Amino acid sequence: MDERADAIVIGAGPAGLAAGIRLAQAGLSTIVLERHWLWGGLNSFYKLGGRNYDVGLHALTNAAPKSARKLPLPRVMRQLRIPLEALELGEQLGSRTVFPSVSLDFSNDFDELASQVRAKFPACAEAFDKLAIELALSPHGVEGGPASTRTELLQRLGDELLVDMLMHPLLWYGSPTAHDVSWSLFVVLWKSIYEEGFARPRGGVRPLLKLLTGRLREVGGTLRLKSGVQRVLHDDGRTEGVLLDDGTVLRAPLVLSSAGYVETLRMLGGTFAERAATEPVGTMTFVESCSHLSQSAPSLGFDKTITFWNHSERGIYAPSTPAPFDARSGVLCIPENYRGQDPEPEGVLRTTVLSNAAVWEDLDGEAYGAQKEAAYQASLAAVSTFAPDPRPHVIAKDVFTPRTITHFTSKRAGAVYGIPHKVDDAASGVQGLHIIGTDNGFLGIVGAMVGGAGVAAFVAAGAQGQEATP
Amino acid sequence: MTNEDIVQAIKDIIITIAPDEEVAGLKLDVSLRDQIELDSMDFLDIVMELRKRYGVNVPEEDYKELASLQSCVDYLAPHLADKELVAH
């Protein structure tokens with residue numbers, strides 16, 4: 001007899017775990033399935049050579065105190081019934097956008113960005129203040145809106161360089177599309193990054209995931225690792241459950257998938273899979289690195305939390321095609337530069353640069369390794385143009401390519417920010433099957449949790465007359 | 001369940017979903033949203049808890065009946081008449 005549950009969640013990243021918690025909290029028997037042996041999805045962790053590595057998390061966006069109850073982070077933690085204090089969030093020390101001729105500093109105090117703009121783009125000061133007010137009054141989720149933020153900002157600010165510089169961190173931290181982003185996504189990014197800001201849970205992504213998996217267990221949900229989903233079973237337009245890679249069938253009338261929209265269509269098979277083949281895939285993908293340094297990064301002179309660099313007159317945010325990587329534009333993260341972090345004997349430095357998936361897919365073993373090393377060296381060389389040269393201090397490192405991302409997250413083409421057009425209504429075309437996670441239109445870890453918990457609440461509140469689980 | 005029990009049941013649920021709110025002084029006939037900070041997502045949690053704890057299904061078109069403690073009592077009384085208050 002097939003195993004039964006009220007609800008199945010595909011993927012144990014922040015979206016899937018949050019969804020699983022909220023479903024189980026509602027009294028539904030819930031199984032969260034994860035293909036890999038570790039949870040976390042795009043935000044995971046592992047050990048290599050006795051050292052800890054985090055994947056994904058540079059920063060938690062949407063930093064906000066508990067008193068800011070309506071803001072996404074305090075709100076979603078309340079929904080999951082995890083005290084915000086448990087995250088032990090440390091604010092960023094300060095971040096910077098570096099272009100060849102000018103840089104803009106920003107922090108969790110919006111006034112810092114405003115005064116930087118006033119000082120460096122005096123002609124735009126008034127227009128910037130107007131824009132800031134417009135965005136402050138705009139709600140977190142706006143629907144529809146213009147397709148091009150670049151056009152909108154240029155109209156309001158009238159300075160291409162300022163538009164490039166303001167957009168640069170936002171594109172880097174969440175745009176699925178090259179050069180530009182939709183206005184609705186831009187508003188979310190602006191608020192999450194400039195108005196609310198960056199923070200880091202003490203100890204990084206591990207304690208956050210531990211809180212989520214612990215809470216899932218506490219409310220009776222089950223996390224099953226090494227359980228890849230082969231097929232989402234459906235009949236007559238209704239979800240019936242899933243077929244796992246090992247042939248196990250799990251029956252459930254509700255399935256929430258964080259595997260990605262196109263990937264989920266493929267799991268449906270038949271005409272859905274045919275439709276999947278014609279859906280556009282996200283093109284933005286990256287080469288990431290994590291280096292361990294012989295001493296703490298601040299002691300070597302790295303004083304910023306996140307640096308978004310750009311070594312070209314105009315901002316670059318596009319696939320590196322035809323090259324395997326493009327280090328003219330990237331992100332440097334120093335995890336030690338958050339308040340309240342425990343001192344580490346070794347420093348950690350993380351970089352991300354532009355890439356494209358196709359080139360990496362075609363590389364064989366030796367060439368793959370060589371390109372990985374080349375991308376790594378180019379990233380650190382780029383860093384050394386605006387920060388101390390980290391290269392003499394590196395004692396261990398690991399590099400992730402688009403291929404790594406696809407392997408560990410199922411996202412085709414290593415598209416970490418998902419498909420270009422978001423599935424805002426979480427609908428899949430099959431009753432009882434809902435899309436959560438990146439392709440649901442929310443961004444980052446906080447966005448993933450907000451989306452997962454939100455969709456779960458709607459389906460759980462509406463889950464009428466579920467069959468009792470034997 | 002008596003009407004007082006129903007009020008207590010709702011307050012218990014609110015304490016679960018918003019532990020930092022003060023429920024002791026909540027007025028019966030004033031909308032809950034005017035007295036404490038609850039958003040639409042919190043109301044979904046109330047609906048989910050009602051189902052889980054008391055087996056009551058509140059369909060979407062009736063969510064508005066949960067606006068105040070008094071309207072909760074009016075709406076839920078027939079559904080909860082033969083149920084016992086769950087201790088929390």
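The values are calculated or read from the model by the stated rules, or taken from the named source; none is laboratory data. Bear in mind the structure is a predicted one, so any value in this text is a computation, not a measurement. Cβ atoms come from the backbone with ideal geometry, glycine included; neighbour counts cover every protein chain shown. Quick note on the areas: whole protein, heavy atoms, side chains included, nothing else; ligands and nucleic acids left out. Shrake-Rupley method; radii C 1.70, N 1.55, O 1.52, S 1.80 Å.
Structural remarks
- Cβ-Cβ distance of A:Ser296 and A:Glu88, R₀ of 22 Å, FRET efficiency by 1/(1 + (r/R0)^6): the value works out to about 0.65.
- Counting only the Cα atoms, the range B:3-80 fills a convex hull of 81 Å³ per residue.
- Heavy-atom surface of the range A:198-278, accessible at 1.4 Å and reported per residue (Å²): 43
- Distance from the C-alpha centroid of the range A:2-52 to that of the range A:89-141: 36 Å, rounded to the whole angstrom.
- Helix-only mean residue ellipticity at 222 nm for chain B, each DSSP H run of n ≥ 4 adding -39500 (n - 2.57), per residue, nearest 500: -16000 deg cm²/dmol
- Each Cα pair under 8 Å and six or more residues apart adds its sequence gap; the mean of these over the residue count of chain B is a relative contact order of 46 percent.
- Evaluated with a Cβ-only charge set (Lys, Arg +1; Asp, Glu -1), the protein assembly as shown carries a dipole of roughly 1120 debye about its Cα centre, given to the nearest 20.
- On the range A:117-174, 57 percent of the accessible area sits on carbon and sulfur atoms, based on a 1.4 Å probe.
- Selection from B:Ile14, B:Leu44, B:Pro59, by position along the positive dipole direction of the range B:3-80 (Cβ): B:Pro59
- Rounded Å value of the spacing that divides the Cα centres of the range A:293-323 and the range B:57-83: 56
- Computed per residue of chain A from DSSP H runs no shorter than four, each worth -39500 (n - 2.57), the mean residue ellipticity at 222 nm is -10000 deg cm²/dmol.
- Loop trypsin sites (Lys or Arg not before Pro), chain B (other Cβ atoms within 10 Å of the site Cβ: 12 or fewer; DSSP): B:Lys27
- Of the peptides B:68-80, A:246-258, A:109-121, the ranking by mean beta-carbon count within 10 Å, highest at the top, reads A:246-258, B:68-80, A:109-121.
- Once C-alpha pairs closer than 8 Å and six or more residues apart are averaged by separation and normalised to the residue number of the range A:26-104, the relative contact order reads 12 percent.
- Only Lys, Arg (+1) and Asp, Glu (-1) charged, at Cβ; chain B dipole about Cα centre in debye: 220
- Translational diffusion coefficient (Stokes-Einstein; Kirkwood radius from C-alpha pairs) of the range A:29-96 at 25 °C, 0.890 mPa s, in µm²/s: 167
- Mean Cα-pair separation over length for chain A, i.e. relative contact order, pairs under 8 Å, 6 or more apart, %: 24
- Sorting the segments A:194-200, A:230-236, B:38-44 by their residues' average number of neighbouring beta-carbon atoms within 10 angstrom, most packed first, yields A:194-200, B:38-44, A:230-236.
- Label-point separation, A:Lys130 to B:Val86 (7 Å along Cα→Cβ), nm: 5.5
- Long-range HN-HN contacts of A:Val9 with modeled amide H, under 5 Å: A:Ile31, A:Val32, A:Leu33, A:Leu256
- Between the residues A:Leu113, A:Leu208, A:Val181, the greatest Cα displacement towards the positive end of the dipole of chain A, with unit charges on the Cβ of Lys, Arg, Asp and Glu, is found for A:Leu208.
- Counting, for every residue in A:276-282, the Cβ atoms of other protein chains within 10 Å of its Cβ and taking the mean gives 0.
- Positive-end ranking of A:Ala86, A:Ser257, A:Leu38 along the dipole of the protein assembly as shown, with charges on Cβ about the Cα centre, is headed by A:Leu38.
- Where N is the number of residues in the protein assembly as shown, Cα Rg divided by 2.2 N^0.38 Å: 1.00
- With every protein chain in place, the range A:1-89: carbon and sulfur % of accessible area (1.4 Å): 57
- Accessible area that becomes buried as B packs against A, both chains, 1.4 Å probe, Å², nearest 100: 1800
- At a threshold of 30 Å², the residues of the range A:25-49 that become less accessible to a 1.4 Å probe in the full protein assembly than in their chain on its own are A:Gln25, A:Ala26.
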